[in-house]
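Chemist: The structure's right below; bear with me while I get my questions together.
The values are calculated or read from the model by the stated rules, or taken from the named source; none is laboratory data. Predicted, not measured: the structure shown is a model, and the values here were computed from it. Reconstructed Cβ throughout: ideal geometry from the backbone, glycine too, with neighbour counts over all protein chains shown. We work out accessible area using only protein heavy atoms, side chains counted, and drop any ligands, DNA or RNA first. Shrake-Rupley method; radii C 1.70, N 1.55, O 1.52, S 1.80 Å.
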Amino acid sequence: FVRQEELPHLNPNIGAINTWISNQLEGNDGLPGRSDLYTYIPFYIYRLLNAGGQMGLILSNAWMGTSYGQAFISLMRCFFDIKRVLISGSGKWFENADVVTSIIIAEKRSDPSTTYSDSDISFHTLSAKLVDVEDPSQLSDNILLNRSNDDVTTVTHTTNQIEEFRELGFPWSSF
C-alpha cells in the first residue's frame, strides 16, 4: 500500500502521465488524484509496446470497487483491449502481500480512443490458492481455452454486455 501523499515523491512523473493521457484523449483529465500507484503503470507500458502487443499486470483488486478504479479501467479500455481478468476466490495469492491481487491481460490498441472496441473479456476466478494447484500448466491451458474446472471458473462477456451491466450498477467485481 502506498499512501497518495507519497506518490509525488515515489513517482514525480505522475503529473506528466496525466498530461500525456489528456493529450492522447483530447482533454481527458487522466487518473484521479486518489488513484493507487499501480494505476499509472499501464500508461508507461503502452509506450513500450508495439500495436497488438500484450501485457499482464498483477495488481491489487481495489480497482474493482472504487471510484478511481472505475476511472482506471475506463482509461485502460481507451488504450488497451482487455482480454482476461483473473481474480482469487480463495484469498491472497502472495503471503508477503497485504492485499488480494488480480491479473489483467490486455492488448495494446493501435491508437487510443474513447470508443471502446466490441470484443470479449474473459473473467477467471481461481478457487484454489496458487501454491495448492497441482498442475499449473493444466490451469494455464484451462484459462487460455476459457474452460472451467475445479481450479478455475470462467465467464466471458462482450464489452457491450459489460457496459449494459455497468449502466445497471454492476461493478467489475461482479463479473
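Chemist: Checking the a/c ratio against 1.5 first, then a/b against b/c, what shape does the Cα gyration tensor give for the stretch 77-175?
Modeler: Working: a/c = 1.84, a/b = 1.74, b/c = 1.06.
Because a/c hits 1.5 or more and a/b exceeds b/c, the stretch 77-175 counts as prolate.
Chemist: While we're looking at this one, here's another question. For the stretch 11-140, with every protein chain kept in place, what is the accessible area per residue (1.4 Å probe, Å²)?
Modeler: Numbers: 6250 Å² over 130 residues.
Per residue, the stretch 11-140 has 48 Å² of solvent-accessible surface.
Chemist: Check the straight Cα-Cα distances from K108 and name the lysines below 18 Å, setting aside those fewer than 8 residues away within the same chain.
Modeler: Hits, sequence-local ones excluded: K83.
Chemist: Please give the peptides 103-112, 50-59, 143-152 ranked by average Cβ packing (other Cβ atoms within 10 Å per residue), highest first, as a rough proxy for protection.
Modeler: Working: 103-112: 17.1, 50-59: 12.7, 143-152: 14.9.
Averaged packing, sorted descending, gives the order 103-112, 143-152, 50-59.
Chemist: Could you grab the relative contact order for the chain? Cα pairs under 8 Å, six or more apart, rounded to a whole percent.
Modeler: Numbers: 260 pairs, mean separation 33.4, N = 175.
Relative contact order comes out at 19 percent.
Chemist: Tell me the mean residue ellipticity at 222 nm calculated for the chain from its helices only (DSSP H runs of n ≥ 4, each -39500 (n - 2.57), averaged over every residue, nearest 500).
Modeler: Numbers: 6 runs with 52 residues, N = 175.
Computed ellipticity for the chain at 222 nm equals -8500 deg cm²/dmol.
Chemist: Over the alpha carbons of the stretch 21-130, what is the largest minus smallest coordinate on each principal axis, giving the biggest first in Å?
Modeler: Over the stretch 21-130, Cα extents along the principal axes are 42, 29, 23 Å.
Chemist: May I ask you to evaluate 6.51 cos²θ - 1.76 cosθ + 1.60, the Karplus curve with θ = phi - 60°, for each residue of the stretch 60-72 and list the ³J(HN,Hα) values in order in whole Hz, giving x for glycine and proline?
Modeler: Per residue, the Karplus-derived 3J(HN,Hα) values read 4, 7, 4, 4, 6, x, 10, 5, 5, x, 5, 5, 4 Hz.
Chemist: Another one. Ignoring ligands, DNA and RNA, what percent of the accessible area of the stretch 41-137 is carbon or sulfur (1.4 Å)?
Modeler: On the way: 2320 of 4540 Å².
Carbon and sulfur: 51 percent of the exposed surface of the stretch 41-137.
Chemist: Hey, another quick one. Got a sec to turn the phi values of the stretch 149-158 into Karplus ³J(HN,Hα) couplings, 6.51 cos²θ - 1.76 cosθ + 1.60 with θ = phi - 60°, whole Hz, x for Gly and Pro?
Modeler: 7, 5, 8, 8, 10, 10, 9, 10, 10, 6
Chemist: From the square roots a ≥ b ≥ c of the eigenvalues of the alpha-carbon gyration tensor of the stretch 126-175, which class results: rounded (a/c under 1.5), prolate (a/b over b/c), or oblate? Working shown, then result.
Modeler: Details: a/c = 4.27, a/b = 2.27, b/c = 1.88.
Prolate is the answer for the stretch 126-175, as a/c is 1.5 or above and a/b outweighs b/c.
Chemist: Report, please, the projected area of the stretch 21-74 averaged over directions, based on the convex hull of its C-alpha atoms, in nm². Display every interim value, and only then the final one.
Modeler: Numbers: hull surface 16.5 nm².
If I average the Cα hull's projected area over directions, I get 4.1 nm².
Chemist: If you don't mind, another one. How large is ³J(HN,Hα), in whole Hz, for each residue of the stretch 14-23 in order, when computed from phi with the Karplus curve 6.51 cos²θ - 1.76 cosθ + 1.60 and θ = phi - 60°, using x for Gly and Pro?
Modeler: Couplings: 4, x, 5, 5, 5, 5, 4, 4, 4, 5 Hz.
Chemist: Taking a cut-off of 22 Å between Cα atoms, list the lysines near K92, but don't count ones fewer than 8 places away on the same chain.
Modeler: Leaving aside lysines fewer than 8 places away in the same chain, those within reach of K92 are K129.
Chemist: So what's the net charge close to A51: Lys and Arg +1, Asp and Glu -1, counting the other residues with Cβ under 10 Å from its Cβ? Spell out each step's value before the answer.
Modeler: Working: positive: K108, R109; negative: E107, D111.
Summing Lys and Arg as +1 and Asp and Glu as -1 gives 0.
Chemist: If you don't mind, another one. Give the shape of the stretch 61-116 as rounded, prolate or oblate, defined through the alpha-carbon gyration tensor: a ≥ b ≥ c are the square roots of its eigenvalues, a/c under 1.5 means rounded, and otherwise the shape is prolate if a/b is larger than b/c and oblate if not.
Modeler: prolate
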